[in-house]
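What follows is a short report on a single structure.
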Amino acid sequence: MDDCIFCKIVKGEIPSAKVYEDDTVYAFLDIAPLAWGHTLVIPKKHVERITEMSAEEAAALMSVVPKLAKAVLGATGAKGLNVLQNNGAVSGQAVDHLHVHLIPRDANDGLGYRWNAKQYPEGAMDKVHRKLTDALG
């Protein structure tokens, strides 16, 4: 995509702090990090959401995440790591090019994390389960 900032980074039109590259994947430091070492892992091919990727493309992208996660932890000395991938603006996706965030975490790092867990009302889980399995075919 001509106006995609991440596509421009992959093409070398915009500089980045590249940490990894292969035939299909590019990884670089986020310029607005939540923590030092916050790394973005992207497919070189432009796709906006994970639902637009083939299983093979997704596998190629995710196959480097463990190696990069280990490198981020080793380089930063962080005790933990968030692996995060948002799909669509409503989920927090700010750039319309699929990207996986590797965010190093430490106790009391101030980042916080809200996980507002809910419970299904009686019978609702069965309905959602049925719809999901039906959607999978």
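The values are calculated or read from the model by the stated rules, or taken from the named source; none is laboratory data. Here the structure is a predicted model, which is why all the values come from computation and not from measurement. Don't worry about glycine lacking a Cβ; one is built from the backbone with ideal geometry, like all the others, and counts go over all protein chains shown.
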Restricting segment 67-84 to residues that are in contact with a Leu (Cβ under 7 Å, 6 or more places away or on another chain) and touching a residue at least 24 places away in the same chain (Cβ under 8 Å), the one farthest from ILE50 (Cα to Cα) turns out to be LEU73
When LYS44 is run through (1) farther than 25 Å from ASP3 by Cα; (2) among the charged types (D, E, K, R); (3) in contact with a Ser or Thr (Cβ under 7 Å, 6 or more places away or on another chain), the failure sits at (1)
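Listed here are the residues, each with its yes/no results for (1) at pLDDT below 95; (2) in contact with a strand residue (DSSP E or B) (Cβ under 7 Å, 6 or more places away or on another chain).
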position	(1), (2)
VAL41	no, yes
LYS44	no, yes
VAL47	no, no
GLY112	yes, no
TRP115	yes, no
For ALA107, state whether it is over 27 Å from MET62 (Cβ atoms), in contact with a strand residue (DSSP E or B) (Cβ under 9 Å, 6 or more places away or on another chain) and loosely packed, with under 14 Cβ neighbours inside 10 Å.
yes
Within segment 15-70, the count of residues that are among the basic types (Lys, Arg), closer than 18 Å to LEU81 by Cβ and assigned to a loop (DSSP other than H, G, I, E, B) comes to 0
Exactly one of VAL65, VAL90 is surrounded by fewer than 17 Cβ atoms within 10 Å (Cβ to Cβ) and within 24 Å of ARG114 (Cα to Cα), and that residue is VAL90
Within segment 93-104, restricting to residues that are part of a loop (DSSP other than H, G, I, E, B) and of a type outside the set (Gly, Ala, Ser), the one that is surrounded by the fewest Cβ atoms within 10 Å (Cβ to Cβ) is VAL95
Restricting attention to segment 110-130, the residues that are surrounded by 10 or more Cβ atoms within 10 Å (Cβ to Cβ) and either of a type in the set (S, T, N, Q) or without any contact (Cβ under 8 Å) to a residue 24 or more places away in the chain (or both) number exactly 8
Residues of segment 35-53 being among the polar types (S, T, N, Q) and crowded, with 21+ Cβ neighbours inside 10 Å, in sequence order, are THR39
request  = Please tell me if VAL72 is of a type in the set (A, V, I, L, M), at pLDDT 95 or above and within 30 Å of ASP22 (Cβ to Cβ).
outcome  = yes
